[in-house]
Structures are given as structure tokens and as C-alpha cells.
1. What number of residues within region 184-211 satisfy the criterion of being under 30 Å from ARG43 (Cβ atoms) and surrounded by fewer than 24 Cβ atoms within 10 Å (Cβ to Cβ)?
2. Inside region 64-119, can you point out the residues that are open to solvent by 20 Å² or more (accessible area, probe 1.4 Å), among the polar types (S, T, N, Q) and part of a helix (DSSP H, G or I)?
3. Quick test of your reading of the structure: CYS47 fulfils all but one of (1) open to solvent by less than 30 Å² (accessible area, probe 1.4 Å); (2) within 16 Å of the ligand (Cβ to nearest atom); (3) touching a Ser or Thr at 6+ places or on another chain (Cβ under 9 Å). Name the failing condition by number.
4. Just the residues that are part of a loop (DSSP other than H, G, I, E, B), over 16 Å from PHE212 (Cα atoms) and away from the ligand (no atom under 16 Å from the Cβ), please, taken from region 145-174.
5. Here is a list: ASP29, ASP64, ASP36, ASP8. Which entry is closer than 29 Å to ILE143 by Cβ and away from the ligand (no atom under 16 Å from the Cβ)?
Amino acid sequence: MRIAVISDIHGNAHALDAVLAAIAEARPDALWCLGDLVGYGPRPNRCTRLTAAHADICLAGNHDLGVLGTIDIGEFSPDAAASARWTRAVLDPEARDFLTSLAPARSTTRAELVHASPRDPVWEYVVTAAAAQAALDDTKTPIVLVGHSHVAMAVVQPDGGKLTGGLAPYGKTIDLAKGRWLLNPGSVGQPRDGDARAAWLLLDFRAGSATFQRTDYDIAATQQEIRERGLPPGLATRLELGA
Ligand code: ZN
């Protein structure tokens, strides 16, 4: 069983197209998405439609819920709130229906999937050792998958042992037998770990490993779409910085 994991697409269709092509080449048995299909980016309808067509499991992220009005966007940064309002206005009924059907957490026998963290699946960023420890303490599955921070990460806790790990750059491969793992695949549509390429993760349960992936995409094309739609210009600039 091999599973591709994606997260935080954020309406970036050029990034999603490239990642789906790379995933098709890897021929996994399933595709899981950890949420934030929309928000920030210029192509929310296409990204929702493609994800709905390809993902076997899909979560809702805080941006999806903010666009739907399920949560208050008063907590969002100014750029995030502006793009959420724009997305709300252009979202088609089919995309809205799909996003409405999603929840921010799901369990499988192999992994716990949450958009943000197990104790707060909508808002909490798991970027500290304390938050990573809490995420493992609050769950029982061998693997915990989180998104939301847009930073690819791998943290392991051996049986009764100490937590180790951190950022997971392109090509990093981990041994799933080492302990319980907390994994963040990074972001497809708005990476924030200094690598501007679209991020995803390939879990291989037969080999007992997982590999962090990066896929090149046409960043300039997404930047142009952001400007054409009058979205905040900072949302275009940050894509080339991976920040
Ligand atoms: Zn996000």
C-alpha cells in the first residue's frame, strides 16, 4: 500500500496540476489531502474540482471553513481575509458543496489525519517540540499527519524514547519502523520552508518508508493569475520565495 499525501493547495492550480502529474507517475494506491484547498490563490474552483476527483480522503482546512463562513475570518491576517472574501464571491456551487462535505479530522487504522493538530484540528500550528509531543500524546495511530503550517516536517518518537526530527527537505526518506511519526507533507500551493517547489509526501507501507517530494511548477503563471484577479500582491511575491 502506497499513499500520496498533499495539503494546503490554496487555489494554486499550476502547482496542483504539476503535483498530480508527478503523483500519477508514482502510481500510489490512494491520495489523501489534509485541507486548505482554497484561500490565497486564484483558482479555487479548479483546485476543488481536481481534488474532489482525485483524493480518496480529503479534510477541510481553516481557509476552506473561513470561505464557507463556518469559522470567523476575523482571526485571519489581512491578506488571508481579503482572499477569503474574494474566494467566497467566485466559488461555484459544486465547489461549495464539496467543501461543505469535508471535516478537519479523519481517522484510519494506519494514520490520524488532521488539518492543524489533533487537539485543535482547525487552528493550532504544530511547529514546536511541545506541540509535536502533544500531537503524538493525543493520538494512538503509528502515524499522525498534519498540514496547516506549510512546512514539511518529520518528527519521530521511538517506543518510550525521546522526540527527534524537524524540517524535512526534498528527498528526505524516513524509516516508519523507528517509532511513531508526526509528518507534515508541506504545502502544494504556498510552501513556507524556503523551497518554492510544490511539496508532497509519498508513504510506502510495504517498504516501511516515506519520502518527502518536491515538484517544479510554473510559479510565474500563478503569480500572473493572482495579479489579474486583484488579489493582494504579497500573495504573488511569497510564492517565488517559498515563504
Ligand atoms: Zn494553509
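1. Here is the first cut: in region 184-211, the ones under 30 Å from ARG43 (Cβ atoms) are 184-203, 210-211.
From what is left, the residues that are surrounded by fewer than 24 Cβ atoms within 10 Å (Cβ to Cβ) are 192-197, 202, 211.
Total meeting the criteria: 8.
2. Of everything in region 64-119, just one residue is open to solvent by 20 Å² or more (accessible area, probe 1.4 Å), among the polar types (S, T, N, Q) and part of a helix (DSSP H, G or I), namely THR100.
3. Here CYS47 clears every test but (3).
4. Narrowing region 145-174 to residues part of a loop (DSSP other than H, G, I, E, B): 147-152, 158-163, 168-172.
Imposing the further condition that a residue be over 16 Å from PHE212 (Cα atoms) reduces the set to 148, 158-163.
Scanning region 145-174 gives PRO158, ASP159, GLY160, GLY161, LYS162, LEU163.
5. Working: ASP64 fails: away from the ligand (no atom under 16 Å from the Cβ); ASP36 fails: away from the ligand (no atom under 16 Å from the Cβ); ASP8 fails: away from the ligand (no atom under 16 Å from the Cβ).
From the options ASP29, ASP64, ASP36, ASP8, the qualifying one is ASP29.
Conditions (1) free of Cβ contacts under 8 Å to residues at least 60 places away in the same chain; (2) within 17 Å of LEU59 (Cβ to Cβ), marked per residue:
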{"residue": "GLU94", "(1), (2)": "yes, no"}
{"residue": "SER101", "(1), (2)": "yes, yes"}
{"residue": "LEU113", "(1), (2)": "no, yes"}
{"residue": "ALA132", "(1), (2)": "yes, no"}
{"residue": "ASP137", "(1), (2)": "yes, no"}
{"residue": "THR141", "(1), (2)": "yes, yes"}
{"residue": "GLN157", "(1), (2)": "yes, no"}
{"residue": "TYR170", "(1), (2)": "yes, no"}
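The values are calculated or read from the model by the stated rules, or taken from the named source; none is laboratory data. What you are looking at is a predicted structure, and each value in this text was computed from that prediction instead of being measured. Because the Cβ atoms are built from the backbone with ideal geometry, glycine has one as well, and the counts that use them run over all protein chains shown. Surface areas here come from the heavy atoms of the whole protein model, side chains and all, with no ligands, DNA or RNA. Shrake-Rupley method; radii C 1.70, N 1.55, O 1.52, S 1.80 Å.
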